[in-house]
1. Return the only residue of A:Asp127, A:Asp120 being touching a Lys or Arg at 6+ places or on another chain (Cβ under 6 Å), assigned by TED's automatic domain parsing to the domain that holds A:Leu30 and charged (D, E, K, R).
2. Based on what the data block shows, is A:Leu23 more than 19 Å from A:Lys3 (Cβ to Cβ), of a type outside the set (Asp, Glu) and away from chain B (no Cβ under 14 Å)?
3. Can you pull out every residue in region A:291-307 that is buried (at least 23 other Cβ atoms within 10 Å of the Cβ), part of a helix (DSSP H, G or I) and facing chain B (nearest Cβ under 9 Å)?
4. Go through region A:210-251 and give me each residue that's away from every other protein chain (no Cβ under 14 Å), under 20 Å from A:Ser284 (Cα atoms) and assigned to a helix (DSSP H, G or I).
5. Would region A:38-47 turn up any residue that is out of contact with any Lys or Arg (no Cβ under 6 Å at 6 or more places or on another chain) and without any contact (Cβ under 8 Å) to a residue 24 or more places away in the chain?
6. Select the strands (runs of 3 or more DSSP E) contained entirely in region A:93-167, then report the ones holding at least 2 residues which are free of Cβ contacts under 8 Å to residues at least 60 places away in the same chain and farther than 22 Å from A:Pro263 by Cα.
7. Could you tell me how many of the residues in region A:102-137 are within 7 Å of chain B (Cβ to nearest Cβ), surrounded by 21 or more Cβ atoms within 10 Å (Cβ to Cβ) and within 19 Å of the chain's Cα centre (by Cα)?
8. Considering region A:308-322 alone, what residues qualify as being closer than 15 Å to A:Gly216 by Cα and facing another protein chain (nearest Cβ under 7 Å)?
Amino acid sequence: MAKNIWVFCEQRDGEIQNVALELLGVARELAEKTGEKVGAILLGHNIKGKAADLIAYGADEVHVVDDERLGMFVTEPYAQAVTQIAKEHTPSVILFGATSIGRDLAPRLSARLKTGLTADCTKLEMDEEGNLFMTRPAFGGNLFATIICPDHRPQMSTVRPGVMKKLDRDDFRKGEVVEENIAWDESKFSVTVLEEVAECQTCGQIENAKLLVSCGRGVKDVAPARELALKLGGSVASSRALVDAGVMDHGCQVGQTGKTVRPQAYLAFGISGAIQHLAGMEESEFIVAVNTDKNAPIFKVANLGIVADAAAVLKNLNKILQ
Amino acid sequence: MKIIVCIKQVPNTTEIKIDPITNTLKRDGVPSIINPDDKTAIEAALQLKEKYGATVTVITMGPTQAEKALREALAMGADEAFLLTDRAFAGSDTLATSTIIAAAIKKLGADIVFCGRQAIDGDTAQVGPQISEHLGIPQITYAAAIDYDAERGALIVKRQFEDRYQTLEVKGQCLITILSTLDKPRYMNVWDIVGQDEKEIGIITFNDIEVDPETIGLKGSPTKVKSTATKQFDKTIETLELDPETAAKTIVDALKSRHLI
């Protein structure tokens with residue numbers, strides 16, 4: 001019988017991606033419900049050493065394939081590796097990050113394993129029988145649908161980065177590392193990587209920031225916001241309005257067509273809070289909103305809402321924190 | 001070279017309204033369009049056709065109204081179009097949908113299959129990779145540029161990631177999912193608009209394809225929608241009207257009390 005909650009732990013250039021740790025966190029939560037184990041799949045080249053990190057973040061067992069065929073991401077070798085491990089150990093659930101890697105690999109696997117897949121989930125729950133309830137936004141975040149996969153295993157879903165919460169690192173956690181051997185079918189490897197080129201992200205990693213100072217249309221000059229972010233040890237982010245206006249980089253954009261963030265504090269200055277923007281930040285732990293319009297939708301999600309001129313408040317904040 | 005482009009007709013989501021009582025979409029009066037990524041996929045196929053010679057076949061699955069999307073594709077310059085339509089197809093999730101489309105592609109025959117990366121109504125990006133698995137051919141997703149190396153008989157594809165790109169080479173049959181950023185789709189050609197009414201749109205039904213009825217439609221779909229809900233907000237809310245100086249002090253105090261300063 002299928003059991004245990006598994007996470008495909010994405011790595012790039014040998015670095016475990018944050019979303020993998022977030023998924024281990026939610027997998028831990030789901031596993032408590034049924035008393036199952038949390039399993040991690042770790043694929044890559046010269047990657048074995050990272051297995052301990054996955055245990056520290058919640059995995060009970062790590063299935064590692066350390067192979068030069070897995071150095072760079074290419075669908076088929078990755079699909080063969082996951083298929084063989086999954087068929088042998090029959091997990092009940094496999095979670096993937098909804099990244100350009102997870103959203104390439106997971107559907108391929110769902111067709112290969114003949115099971116269902118739910119895309120880009122923002123909420124996961126489990127009942128005592130081990131049925132996974134996968135909730136995802138639809139139609140631009142206006143509607144949420146909860147999807148189940150009652151008769152097929154594994155239950156698979158891709159999960160939006162930045163939504164789930166990773167556990168605090170615990171180096172005393174115990175777990176098992178299993179090295180898996182894959183019987184490769186290289187006749188299927190018909191895609192060759194000619195080059196792989198890194199592209200830098202100008203705005204830094206807003207998904208990883210502990211605090212975000214985010215600006216919208218109500219802020220004309222973003223320099224005071226940058227100054228405040230620096231003072232508070234955070235980063236700047238933006239609503240779509242300033243990105244479209246060319247003031248902020250797309251890499252800083254929070255929302256449906258940008259990034260989903262959940263910092264410890266999200267300070268929204270001059271952002272009205274279109275539903276597409278709220279979808280990207282409402283999971284933040286503490287939300288402060290400053291806007292002149294007291295009916296702005298951002299106040300519906302703010303823990304502390306202040307009706308005032310955003311630019312003037314920014315100026316005063318920088319003065320106080322000098 | 002025979003290229004099949006899979007497209008989807010979608011409601012223009014910028015005009016979508018939700019019925020607050022039933023939680024269903026109000027589709028009435030919402031214009032339908034070719035999904036943007038798919039329209040670029042048609043464009044990419046037409047460019048290959050113009051440069052290297054190819055036939056471009058466009059297919060879609062849906063109700064008879066989806067014919068409009070196929071007509072538009074023909075007017076852009078596609079050579080032929082097929083509508084996959086049957087009651088037996090209704091209620092299919094992504095896996096069941098991909099099973100039907102793969103069976104149709106098998107019947108029609110293709111060297112290259114193009115899909116858009118994802119549809120704006122579902123945002124799953126799943127059907128393309130699932131089709132390629134059913135067909136047993138390689139996939140390249142998130143294509144930002146495509147070219148053909150005639151000498152080597154290989155497609156060269158720029159595959160976009162969040163933080164990098166790869167240049168990939170693939171020989172033989174393959175399926176590629178295309179980003180709308182690859183290029184701007186052309187407008188419909190006036191002469192093609194006039195001429196395309198004479199082009200027939202082929203109809204493909206359940207009886208035309210080889211597919212196990214247990215693997216399609218509602219009963220062939222592993223995933224089911226359990227419930228839908230509109231957005232709920234449940235935060236503790238405090239909204240204050242303050243002068244800028246007091247506002248700044250209040251924010252600093254709040255951050256301090258949460259040990260964020």
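1. Result: A:Asp120 is the single residue among A:Asp127, A:Asp120 that is touching a Lys or Arg at 6+ places or on another chain (Cβ under 6 Å), assigned by TED's automatic domain parsing to the domain that holds A:Leu30 and charged (D, E, K, R).
2. no
3. The one that is buried (at least 23 other Cβ atoms within 10 Å of the Cβ), part of a helix (DSSP H, G or I) and facing chain B (nearest Cβ under 9 Å): A:Phe299.
4. Once the filter is applied, which keeps residues that are away from every other protein chain (no Cβ under 14 Å), under 20 Å from A:Ser284 (Cα atoms) and assigned to a helix (DSSP H, G or I), region A:210-251 yields only A:Arg226.
5. Within region A:38-47, not a single residue is out of contact with any Lys or Arg (no Cβ under 6 Å at 6 or more places or on another chain) and without any contact (Cβ under 8 Å) to a residue 24 or more places away in the chain.
6. Ranges flagged: A:117-121, A:132-138, A:143-148.
7. Here the count works out to 7.
8. Selection gives A:Ala308, A:Asp309, A:Ala312, A:Val313.
The values are calculated or read from the model by the stated rules, or taken from the named source; none is laboratory data. Only a predicted model underlies this, so the values are computations on that prediction, with no experimental measurement involved. Please note: Cβ atoms are built from the backbone with ideal geometry, for glycine as well, and neighbour counts cover all protein chains shown.
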